[in-house]
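Beneath this line is the structure, given in structure tokens, with notes to follow.
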Amino acid sequence: MNSSPAPEQRLRDLARLRRVRDRIDREYAQPLDVEALARGVHMSAGHLSREFRQAYGESPYSYLMTRRIERAMALLRRGDLTVTEVCFMVGCSSLGTFSTRFTELVGVPPSVYRRRAAQETEGMPSCTAKQVTRPVRNREARSTGRG
């Protein structure tokens, strides 16, 4: 018996994974966990994690945290919010976890980023600032040489 899914089933699975990714993109600031995301598309958490990683190269949790950090970067560039305020605004419930993940993705702690970004992006349109300050995931750094 062939262990790979039929093409129709694979397309259905990919559509469900896209719905999960789209939900993360929309609801990144909400309390989301893999179990809730999996229930939303009628998959087990383990199956969702495996399939999501295969399709997108990272776990659903990693994707969620990257979205949160990207949004946090934009909020920190504004300069009018504290790191703690930004942490909770993007849906993180632990300042320690937020700071650790931020530092892993961006290369500097959020407080340092906030101070530097205000200077580096001063006068730059927000759409340009977002693009030039976007965090680089590990697999992107390997393939593009950035980071």
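Read the figures in this text as sums done on the coordinates, not as results from a lab. Keep in mind that what you see is a predicted model, and the values were worked out from it rather than measured. Don't worry about glycine lacking a Cβ; one is built from the backbone with ideal geometry, like all the others, and counts go over all protein chains shown.
General remarks:
- Zero-based 5 Å bins, Cα pair distances in region 7-61, whole percents: 4, 22, 35, 27, 10, 2, 1
- Likely footprinting exposure, Thr103, Thr128, Thr66, fewest C-beta neighbours within 10 Å first: Thr128, Thr103, Thr66
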